Amino acid sequence: MEDFRLAFSKAKLEISKVIVGYEEIIEQVLIALFSGGHILLEGLPGLGKTLMVKTLADTLDLSFSRIQFTPDLMPSDIIGTNIMGQDRSFHFQPGPIFAQIILADEINRATPKTQSALLEAMQEHSVTVSGNLHRLKEPFFVMATQNPIEMEGTYPLPEAQLDRFFFKLKLDFPGRQELVNIIDRTTNPIIPRAERILDGETIEAKKLEVREVPVATPVKDYAVRLILATHPNSEYSTSFVKRYVRYGASPRGVQALILGAKVKALIEGRFNVSFSDIRYVAKPALRHRIILNFEGEAEGMDTDELIDNIIEEIPELENEPIKP
Amino acid sequence: MKPEMVKTFIKIRWKIRIISFINWLIELYLYLSSIYIVSYFFRLDIRLDYLGIPIVLAAIFSVVKPIRDRDIAIILDKDLALEERVITTLEFDHQESPLVSNLIIDTVERLKNSNLKLVCRFRLRKRLLYAMGIPILIFFSLFIYNSIQFSRNLSLSEGVVASEKGKEIISLAQQLRSEKPEIAKRLEALGKGIEEKKVLQKENIATLDKITKEIDKETDSSGNTKNINVELKKILELTASKLDMENNPSKNNQEISPQRKESNQTAEDSNRGNEKGSSPKEPNTGQDNSSGILDKNNMPGIGKNGNTGSSEDKTTNPPSQAGSREDNGGIKDLGEASSKENNTIQEGGTLPGKGERENKLGEETPRKTEEGAPQFVPGIPKGEGEIKIEIKGFGKATSSNIPEAGGDVKKSAEDPLAKEPIPPEYREAIRLYFERLKGER
């Protein structure tokens, strides 16, 4: 466990050298990485989304490719295609998806057809071209970014696509001190660079270690009840959920909760998952999996508020232990 | 499970049982106190031995109730802020994994270093609040009930004693029945009143006790009473009269109220008047009114103020009479009135009495009508026929002073329009418009 904590803290430190602030975001990015999930980063332009992904790629000794999503981007531009070689036979030319860390920049600018080209890759870690299955090299980690305010000429990600992302992280505007730090770090002659400290094998080993973390039945039950509470027709749903939610989180949501909580437990120096770990990962794991209804959209309801409400309403233990 | 953990679990289990025992004990004593409160009010004898029952029951409840390891683990995690380490250790105890082994070591170490006094601290159950409310509620309910039921001047115990004293007075009266039937009768009535109404004052209790003692003195071993001396008789009469006054405050009020007094007086006068003209066998029928004319003021049971069927009247007249008088209070029999034109029968003499009307004025007359039909004594309805009844109110006919709102509204609505000057440039056009309308008609 100490190795894990050390590796984690080192990676975090390296990224923090370049990225100012966003400590929690960096931690959550690494949690997703060690859980084997993908990240959707949402934030205004210029907040360092792309830089963060690039820095992470620099920290990890993994192959990196960046795909700039545009409306005219075709699926074959991502996956790859068969091209005729000099020997007059078709050879598969792998696309940029054949890397270990993918930066899908401004993913919502591409058409749904192109967006869906990522579906198989993200879920199965493989792509199929002309009937041939091509495995992607592990660890495979997609980090997509999207701009929440520019809606013109964008194609919001469909629910199925959104559900593939382990966490959705929101980058808020940096504070006063953080802005000062950004100036200092980026306008000086020496620009800090992250060093490579983790390789693919280490990450894969740590991913297996994470899965061994035991989770007690009451904790599992709590995670399940949180997921059920996001469904408006569930017996656990709160009045807020009943009013504003169309669809709740999928089973992938509870997987994300438990896996994320396991990583959180390890980085906290614990060998087991606690209720607090579940709560910590609840927002990034569930915020993109809850689909608001018309009323929720109209009233500008934020899914984070709903999750807060659910956490507040759902008790840790359904049946309290014996009372003396 | 590690021996250290087992030891901790045993400690916590016993602690839970002790706290549970104390809580149960308090709760059961609260329930028992409710029973004792009820027994106090109803003067039931409940032995104090029963106080031991809660101890036995609390011991049984606290020991019999199963306390699972899971519950203890959750309590430990919660109270020692161990972040679900204990419950996870408990569940994954048999699993062989480096992480689980580390978890067990970590948990045991933390439990060793923890202060177990913080676990499962003594606190009263929330349920005890409700349990506490039960005896309080019962006490105040019975207190209020007794306050309403018994005299306000009495303490609770005295109030309870009242009914017993009533019984004593009745038994005393029964003893005196042969020798002093008059006093016995009054005492019996008094005793019944006290027993039923549960009203008794301190001084009356004392007086009655005195009487009881004196009668007891004069009672020989065979149970026969000796002659009661004059002094004792006086005391009895005085006590009885006092109690009678206290037990029937309504009677006192009747005597005090001048209006009622007047009304009663009138009623009595009218009764007296009726009695003069009526035969002793037919009391208060009203048919033999000396004047023979319906006179409300002279009607039996109807006072000058038009009071009918009051409780006082009922004491002097049979209830059926009182009821029938009320029925006729505002009704005039027009059957009789119409016959007055042909026959000289007066109103009155037909007031409803007790039972069926009697034909006092005779049967069929020998006289015949022009058609040859038999004639009867006028004013006495017999056989089939039409009876007209007119109900007259006491007040005058109402009249409405509401102005004709419709007219006023129309006028007030049209006036401003009529007064509105027509702009000069439109006058000609308007005139032509109306002339055209006239032409079209």
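Amide H neighbours of residue A:199 under 5 Å, at least 5 residues apart or on other chains, H built in the peptide plane: list them.
Answer set, sorted by chain and number: A:61.
Per residue of B:62-71, how many C-beta atoms from partner chains lie within 10 Å of its own C-beta, taken as a mean? Please report the intermediate quantities before stating the final value.
Working: counts 1, 0, 0, 2, 1, 3, 2, 0, 5, 5.
Averaged over the peptide's residues, the number is 2.
State which entries of A:206/B:78; B:78/B:117; A:10/A:264; A:220/B:78; B:11/B:117 exceed 21 angstrom in Cα-Cα distance in the structure shown.
Violating the 21 Å limit, Cα to Cα: A:206/B:78.
Between residue B:110 and residue A:221, with labels modelled 7 Å along Cα→Cβ, what's the label distance in nm to one decimal, could you check?
2.0 nm
Counting partner chain Cβ atoms within 10 Å of every residue's Cβ in B:102-112, what's the average? Don't jump to the answer; show the numbers that get you there.
Values: counts 5, 6, 1, 1, 5, 2, 0, 0, 0, 0, 0.
Mean partner-chain Cβ count within 10 Å for B:102-112: 2.
Sort A:231, B:94, A:288 so the one with the fewest other Cβ atoms within 10 Å of its own Cβ comes first. The partial results should precede the final answer.
Values: A:231 17, B:94 7, A:288 24.
Listing A:231, B:94, A:288 from fewest to most nearby Cβ atoms yields B:94, A:231, A:288.
Can you work out ³J(HN,Hα) from phi for every residue in region A:75-83, in order, using Karplus 6.51 cos²θ - 1.76 cosθ + 1.60 and θ = phi - 60°, giving whole Hz and x for Gly and Pro?
Values per residue, Gly and Pro as x: x, 5, 5, 9, 6, x, 8, 8, 10 Hz.
Explain nothing, just the number: relative contact order of region B:1-147, from Cα pairs under 8 Å at least 6 residues apart, as a whole percent. Walk me through the intermediate numbers first.
On the way: 109 pairs, mean separation 55.1, N = 147.
That works out to 37 percent.
Cross-link list A:207/B:2; A:283/B:126; B:65/B:112; B:7/B:65; A:49/A:168; A:17/A:283: which exceed 23 angstrom alpha carbon to alpha carbon?
Working: A:207/B:2 30 Å; A:283/B:126 35 Å; B:65/B:112 27 Å; B:7/B:65 20 Å; A:49/A:168 12 Å; A:17/A:283 26 Å.
In this structure, A:207/B:2; A:283/B:126; B:65/B:112; A:17/A:283 exceed 23 Å between Cα atoms.
Given axes a ≥ b ≥ c from the Cα gyration tensor, I'd like to know whether region A:2-205 is rounded (a/c under 1.5), prolate (a/b larger than b/c) or oblate. Working shown, then result.
On the way: a/c = 1.90, a/b = 1.45, b/c = 1.32.
Prolate is the answer for region A:2-205, as a/c is 1.5 or above and a/b outweighs b/c.
Enumerate the amide H contacts of residue A:41 below 5 Å, restricted to partners 5 or more residues apart or on another chain; note that Pro and chain-start residues carry no placed amide H.
Under 5 Å from the amide H of residue A:41 lie the amide H atoms of A:144, A:145, A:146, A:169, each far enough along the sequence or on another chain.
For labels at residue A:89 and residue A:308 in the simple 7 Å Cα→Cβ model, what's the distance in nm?
Those two pseudo-labels are separated by 6.2 nm.
Got a sec to turn the phi values of region B:39-48 into Karplus ³J(HN,Hα) couplings, 6.51 cos²θ - 1.76 cosθ + 1.60 with θ = phi - 60°, whole Hz, x for Gly and Pro?
With the stated coefficients, region B:39-48 comes to 5, 5, 6, 9, 6, 8, 8, 10, 5, 6 Hz.
So for chain A: antiparallel DSSP bridges make up what percent, rounded to the nearest 5?
Working: 11 of 32 bridges.
For chain A, the DSSP antiparallel bridge percentage is about 35.
Could you tell me the distance between the Cα centroids of region B:6-85 and region A:43-116, to the nearest Å?
67 Å
When a footprinting reagent is the concern and you count Cβ atoms within 10 Å, what order do A:184, A:87 take, fewest first?
Numbers: A:184 10, A:87 7.
In increasing order of surrounding Cβ atoms, one gets A:87, A:184.
If we count other beta carbons within 10 Å of each Cβ, what is the order of A:20, B:6, fewest first? List each step's numbers first, then the result.
On the way: A:20 21, B:6 11.
Result, fewest neighbours first: B:6, A:20.
Please give the calculated 222 nm ellipticity per residue for chain A, where each DSSP H segment of at least 4 residues contributes -39500 (n - 2.57) and the sum is spread over every residue; nearest 500 deg cm²/dmol?
Details: 15 runs with 150 residues, N = 324.
The per-residue figure over chain A is -13500 deg cm²/dmol.
Residue by residue through A:269-279, how many Cβ atoms from other chains fall within 10 Å of the Cβ on average? Working shown, then result.
Working: counts 1, 8, 15, 16, 3, 8, 3, 2, 2, 0, 0.
Per-residue shielding by partner chains comes out at 5.
Throughout, read-outs are computed from the coordinates displayed, never taken from laboratory work. All values derive from a computational prediction rather than experimental measurement. All Cβ positions, even for glycine, are placed from backbone atoms using ideal geometry, and neighbour counts span all protein chains on display.
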